[in-house]
Each structure stands twice: as C-alpha cells, then as structure tokens.
C-alpha cells in the first residue's frame with residue numbers, strides 16, 4: 001500500500017494573455033545548461049498586469065526562464081539585472097548569486113508559448129527596464 005502526506009488541493013491557473021506584467025522571482029536555481037554552460041533557472045510568479053489589479057494569492061500564474069552565462073546571452077542577463085534595478089556597467093565582470101534574486105520584483109513582457117507537450121504556457125518575451133519614474 002502506498003502512502004503520502006496530504007496537503008492543500010490546488011487548481012490549475014491558466015496562462016495569461018500577451019502583455020506587460022509585474023512579476024516576482026520566487027525561485028532561482030544554479031544549474032548547468034544542456035550545452036554545459038552555467039545557468040540560473042528562474043521561476044516567476046505573475047503578480048498582475050501593469051496598471052491593473054493583482055491576481056489573488058495562490059491563484060497567480062507562473063512563468064519560467066533561464067539566464068545562461070555565455071557571451072551570446074549576456075544581453076539577457078544585463079536586461080534582467082537592469083529590470084530589477086541593478087546598475088549595469090559595460091565591461092564589468094559580475095558574479096550573480098541565484099539566492100539573491102529570490103524576491104526581486106520587476107516588469108516583463110509575457111508572451112504565450114508552448115511547452116514540450118504542445119500545451120500553452122507563458123514565457124518571458126523581454127524584461128522591461130524601468131525609467132527614472134518607475135515601471136508602473
């Protein structure tokens with residue numbers, strides 16, 4: 001006989017429509033990409049549309065993204081860092097601690113994509129860098 005410890009049942013939260021949303025990093029894990037490069041796997045919680053109301057706690061859609069540490073993908077890491085309010089200086093060598101990213105809030109352009117099984121899922125189209133007045 002199999003056994004487990006029960007928890008709280010959850011419902012499926014469908015993907016959001018394409019648009020700009022406020023998001024929060026809820027998990028960041030250092031991994032190695034399939035090509036053997038260092039990578040940080042990010043799990044975001046979509047808080048709500050820019051200028052709109054927040055989704056209810058527990059019913060917030062999720063979105064995943066990877067920051068791969070290669071010369072060709074450095075632009076995306078720069079974009080993410082600037083979107084969370086870090087200063088990005090050209091030519092500066094930067095160490096990124098995955099744990100320090102958890103809890104960061106930012107704005108992202110969310111697009112609808114497909115997972116490996118063909119089901120709809122949200123993806124990051126771009127991280128949006130706020131101007132001096134703020135993203136909202």
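Quick notes on this structure:
- Proxy reagent accessibility, fewest Cβ within 10 Å first, across 6, 53: 6, 53
- Angle in degrees between helix 74-83 and the longest Cα principal axis of the chain, rounded to the nearest 10: 80
- Relative contact order for the chain, counting Cα pairs under 8 Å that sit 6 or more residues apart, in percent: 28
- Between the labelled values [x] 18.0, 57; [y] 19.0, 62; [z] 16.4, 60, the entry that holds Rg and Dmax of the Cα atoms in Å as derived from this structure is [z].
- Length gained when the stretch residue 69-residue 53 is fully extended (0.36 nm per residue, less Cα-Cα span): 2.3 nm
- 97, 20 arranged by Cβ crowding within 10 Å, fewest neighbours leading: 97, 20
- Counting only DSSP H runs of at least 4 residues, each contributing -39500 (n - 2.57), and dividing by the residue count of the chain, the helix-based mean residue ellipticity at 222 nm comes to -2500 deg cm²/dmol.
Coordinate-derived values only; no laboratory data. Note that the structure is predicted; figures quoted are calculated from it, not measured. Methodologically, a virtual Cβ is constructed for each residue, glycine included, from the backbone with ideal geometry; neighbour enumeration extends over all protein chains shown.
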